[in-house]
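Note sheet for the following structure.
The values are calculated or read from the model by the stated rules, or taken from the named source; none is laboratory data. Because the structure is a prediction, the values reported are computed rather than measured. Here the Cβ positions follow ideal geometry from the backbone for every residue, glycine too, while neighbour counts run over all protein chains shown.
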Amino acid sequence: MKQVQETNSTHTQGEWESEQILGATDIVSGSIRIALINHNSTPTLEEAKANAKLIAAAPDLLEALIKISISLEQLPCKQSDYNMVLNAINKATN
């Protein structure tokens with residue numbers, strides 16, 4: 001299996017959070033705006049909020065996938081499952 005190294009990510013560090021503002025959801029890390037989800041750009045308000053939550057969780061999800069990939073190198077698993085993890089990491093980091 002291909003080894004994954006922990007990466008020094010270049011994304012904005014810190015916890016990302018979603019905050020509701022008038023007509024939009026702001027994704028922030030401290031005082032830094034990561035993204036702004038306009039509620040009018042999605043079919044429903046619920047979809048806009050769900051998109052914002054997923055974006056805010058991205059750094060945590062990436063960190064978890066990197067740790068999982070390292071663990072999977074030591075455990076028997078389906079190659080297709082391992083490849084799925086590696087592809088997701090590559091999509092976020094390349």
Pair list, Cβ under 8 Å, 6 or more apart: segment 38-58 residue more than 11 Å from A24 (Cβ to Cβ), other residue of a type outside the set (A, V, I, L, M) and at pLDDT below 85: N51/T42; A58/H11
L75 passes all but one of the listed conditions (1) surrounded by 12 or more Cβ atoms within 10 Å (Cβ to Cβ); (2) over 21 Å from T12 (Cα atoms); (3) of a type in the set (A, V, I, L, M, F, W, C); the exception is number (1)
State whether one or more residues within segment 72-90 are in contact with a His (Cβ under 8 Å, 6 or more places away or on another chain) and either of a type outside the set (D, E) or not in a loop (DSSP other than H, G, I, E, B) (or both). no
Just the residues that are within 17 Å of A50 (Cα to Cα), crowded, with 16+ Cβ neighbours inside 10 Å and out of contact with any helix residue (DSSP H, G or I) (no Cβ under 6 Å at 6 or more places or on another chain), please, taken from segment 25-38. D26, V28, I34
Inspect segment 1-12 for any residue being modelled with pLDDT under 85, under 23 Å from T93 (Cα atoms) and acidic (D, E) and give the result as yes or no. yes
Considering only segment 62-71, state which residues are surrounded by 14 or more Cβ atoms within 10 Å (Cβ to Cβ) and within 10 Å of the chain's Cα centre (by Cα). L62, L65
